[in-house]
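The structure under discussion appears below in the form of structure tokens.
The values are calculated or read from the model by the stated rules, or taken from the named source; none is laboratory data. The structure presented is a predicted model; accordingly, all values stated were derived computationally and were not measured. Glycine also receives a Cβ, built like all others from the backbone with ideal geometry; neighbour counts cover every protein chain displayed.
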There are 2 protein chains.
Amino acid sequence: MSFIKPRSTATTRDRLLTAAEVAILDKGFAATSIEELIAEVGITKGGFFYHFRDKSALVEAILERHLTAEEDWLDGLFARAAEATTEPLAQFLVFLRLLREQMAALPDVHPGCLIAATCFQERLFTRTVHDLARQNLLNWRARFHARLTAIAQTHPPNSKIDLEALADMLVVLVDGAIILSKTVREKDALPRQIALYERFVAEVFRDVG
Amino acid sequence: MSFIKPRSTATTRDRLLTAAEVAILDKGFAATSIEELIAEVGITKGGFFYHFRDKSALVEAILERHLTAEEDWLDGLFARAAEATTEPLAQFLVFLRLLREQMAALPDVHPGCLIAATCFQERLFTRTVHDLARQNLLNWRARFHARLTAIAQTHPPNSKIDLEALADMLVVLVDGAIILSKTVREKDALPRQIALYERFVAEVFRDVG
DNA sequence: GGTACACTGCACCATCGGTACAGTGATCCG
DNA sequence: CGGATCACTGTACCGATGGTGCAGTGTACC
């Protein structure tokens, strides 16, 4: 090549990550070849393995980037909910509404959950990939659980409830609804499940006058 | 080979299916090689392609067999629930309890949902595979929805509720909880989610005395 | 005895992940 | 200005795997 390519250091690696993330969510990890990625980004095979030790390391990097981005995004939603009200239950319900609205606003069916995508390809990935996914889920469990516990202080549930499972339930519903919406090709499946969760949470903590 | 192998016609094909199903649920489709399957079953490559046009056709056959077995199994649970009571809500709740108990009795974490596993490997499979998965989910939606509608006749919910989404919710929770339990390696995640669903259904249709 | 079934055995192909390594142009540092 | 380092290129090569093609073979059934 004779033209001068803008020297972009981290950018090539980042473009690889983006191309790979899109491709993996679209058609799966195994169906995404390294050769197709380097063709898209415009580098050679040697260049790919300069950035990533192997295909697993690529997934590792995608997951890391994705998980922090997801965390920032949800933190943003929590912050907006905190602006609206300080009351724990109301705040959580606002957060859920914001989450549902954002999911409903997506143009197509949700591209899919990377966690779920890795979950069913066990042996293709390293320990690290699975640990990343695991830590991420445990993180969300802990965060939602803390909020639900706080809510239960001021709104004691009418009967004993498994708050940890209720915390997991949101993540479970999101992942499950993504599978459903991808499989039956209905983009409103996800927001509708979140709506049910909102109702459930509201009913569990409804103050029995 | 000199020893006389018992002539087992359909059995070889069936043993292939079983070996493949186990392997795919354990480590994923892409990580399961044809060569490992034929080694396990004790045939040659030619024998494999005599039974299946390609790897996708294998998945197709596994799904078909699996989905009918699953349907029979759930029908059995419904039948047992019908023996216990004829009242629609009580019957559905008995069914959910049976489902939860069976899931809790599994020795390890649930091996995983074939539907979900196919969902994230889009381009590796044929149209048929995806259509099978789709029809299966739509089937369960219709069946649960019919039951919920019947329940709503005798137990009008205290406020309007999306019964179709509530029907989907069970499938969504099961699939999502399998992902969760596989990822964090906690076998009780699935029964705990079903327990929450039981409570939700009971509360939605609780007669406001 | 003939036909169909359920394979075996073997040769071969393309794709893909991955290795190895020498070379090269741009950039940064002293 | 020189040297080191970065971010690659280019090429050659390897093994595993999915898949094809086809001739042959033992068994069962009619």
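Structure summary
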{"item": "Residue count for region A:101-119, restricted to those that are farther than 12 Å from A:ALA189 by Cβ and either of a type outside the set (Val, Ile, Thr) or modelled with pLDDT of 85 or more (or both)", "result": "13"}
{"item": "Subset of region B:162-193 (residues that are β-branched (Val, Ile, Thr), buried (at least 23 other Cβ atoms within 10 Å of the Cβ) and over 18 Å from B:ASN136 (Cβ atoms))", "result": "B:THR183"}
{"item": "Candidates B:LEU67, B:LEU98, filtered to the one that is within 14 Å of another protein chain (Cβ to nearest Cβ), more than 16 Å from DNA strand C (Cβ to nearest atom), surrounded by fewer than 20 Cβ atoms within 10 Å (Cβ to Cβ) and in a helix (DSSP H, G or I)", "result": "B:LEU67"}
{"item": "Tally of residues being surrounded by fewer than 20 Cβ atoms within 10 Å (Cβ to Cβ), more than 7 Å from chain B (Cβ to nearest Cβ) and assigned to a helix (DSSP H, G or I) across region A:106-127", "result": "1"}
{"item": "Failed item, numbered, when B:GLU164 is tested on (1) without any contact (Cβ under 8 Å) to a residue 24 or more places away in the chain; (2) at the interface with chain A (Cβ under 7 Å from one of its Cβ atoms); (3) of a type in the set (Asp, Glu)", "result": "(2)"}
{"item": "Unmet criterion (only one of (1) at the interface with another protein chain (Cβ under 7 Å from one of its Cβ atoms); (2) in contact (Cβ under 8 Å) with a residue 60 or more places away in the chain) for B:ILE194", "result": "(1)"}
{"item": "Residue match in region B:138-152 (condition: surrounded by 20 or more Cβ atoms within 10 Å (Cβ to Cβ), more than 8 Å from chain A (Cβ to nearest Cβ) and farther than 25 Å from B:THR68 by Cα)", "result": "yes"}
{"item": "Matching option when the condition is surrounded by 15 or more Cβ atoms within 10 Å (Cβ to Cβ), more than 8 Å from DNA strand C (Cβ to nearest atom) and aliphatic (A, V, I, L, M), among A:ILE62, A:ILE34", "result": "A:ILE62"}
{"item": "Filter result for B:ASP14 (over 25 Å from B:ILE178 (Cα atoms), near DNA strand D (Cβ under 8 Å from one of its atoms) and away from chain A (no Cβ under 14 Å))", "result": "no"}
{"item": "Failed item in (1) modelled with pLDDT of 90 or more; (2) out of contact with any His (no Cβ under 9 Å at 6 or more places or on another chain); (3) more than 7 Å from chain A (Cβ to nearest Cβ), with B:VAL174 passing the rest", "result": "(2)"}
{"item": "Selection within region B:33-73 - in contact with a helix residue (DSSP H, G or I) (Cβ under 8 Å, 6 or more places away or on another chain) and among the small types (Gly, Ala, Ser)", "result": "B:GLY47, B:SER56, B:ALA61"}
{"item": "Of all residues in region B:21-31 being surrounded by fewer than 18 Cβ atoms within 10 Å (Cβ to Cβ) and part of a helix (DSSP H, G or I), the one that is farthest from the other protein chains (Cβ to nearest Cβ)", "result": "B:VAL22"}
{"item": "Residue match in region A:8-20 (condition: at pLDDT below 95 and assigned to a loop (DSSP other than H, G, I, E, B))", "result": "yes"}
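Table: residues versus (1) within 16 Å of DNA strand D (Cβ to nearest atom); (2) outside any helix (DSSP H, G or I); (3) within 14 Å of chain A (Cβ to nearest Cβ).
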residue	(1), (2), (3)
B:ALA39	yes, no, no
B:PHE48	yes, no, no
B:GLU83	no, no, no
B:VAL129	yes, no, yes
